[in-house]
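Engineer: First, the structure itself, so that you have it in front of you.
The values are calculated or read from the model by the stated rules, or taken from the named source; none is laboratory data. This structure is a prediction, so every number in the text was calculated from the model and none was measured. Here Cβ is always computed from backbone atoms with ideal geometry, including for glycine, and neighbour counts include all displayed protein chains. Each accessible area value is taken on the protein alone, full model and side chains, heavy atoms only, with ligands, DNA and RNA left out. Shrake-Rupley method; radii C 1.70, N 1.55, O 1.52, S 1.80 Å.
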Amino acid sequence: MENAFSYVTNSPSSMQGGDSRYNKLTQAQMFRDANPDLELEVKTKKVTERISESMNIIANEPSLAFFRIQEHVRKCLPQLAETKHEVQDIQQQVQGACFDAEYAANAVESMHKSGAHFSQISELLRNSVFFKQQIDFEQARSTCEAVGKPASEPLLSGAGKELSSVVQT
């Protein structure tokens, strides 16, 4: 049997998919007209080729989409993994800095709380210097009375002078 479209074009069919079924149907005697309309047959052939091509594209479109996704993942995954490791390293550094800052803040707070203790220590030092000066004055007075000098000019020892200058500063 002869192909119904063989006299329209002598080029081999470029259709895909179900070409053999199409050829069998077109070769059947009932589809042949006695007076073939060439323009109608050409348009029909173009429409069927376009439909076949569209069906082929639609059938393969999901695989193409998955291929593109796979390609994208394959290209981006190493960079994403590297970025993740960088972010984890930075997170550890930031966490360490936060711990250091928290420790420093606690140390400053404890130093601030110890201010009362230092003021008490300073008061005790002042009292001890005052008592030392009184002792020195009493010793100087008793020494002056024994020697016969007037007691109006007390003699301070070197240690008393040093402590009084430390406490005043």
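Engineer: Can you name every residue in the stretch 108-122 that is in a helix (DSSP H, G or I) and open to solvent by less than 70 Å² (accessible area, probe 1.4 Å)?
Structural biologist: SER110, GLY115, ALA116, SER119, SER122
Engineer: Do any residues in the stretch 49-62 that are without any contact (Cβ under 8 Å) to a residue 12 or more places away in the chain have Cβ atoms under 7 Å from those of residues that are among the basic types (Lys, Arg) and surrounded by 11 or more Cβ atoms within 10 Å (Cβ to Cβ), where the two are at least six apart or on different chains, and which pairs are they?
Structural biologist: From the stretch 49-62, no pairs qualify.
Engineer: Follow-up. Would it be correct to say that GLU82 is modelled with pLDDT of 90 or more and open to solvent by 100 Å² or more (accessible area, probe 1.4 Å)?
Structural biologist: yes
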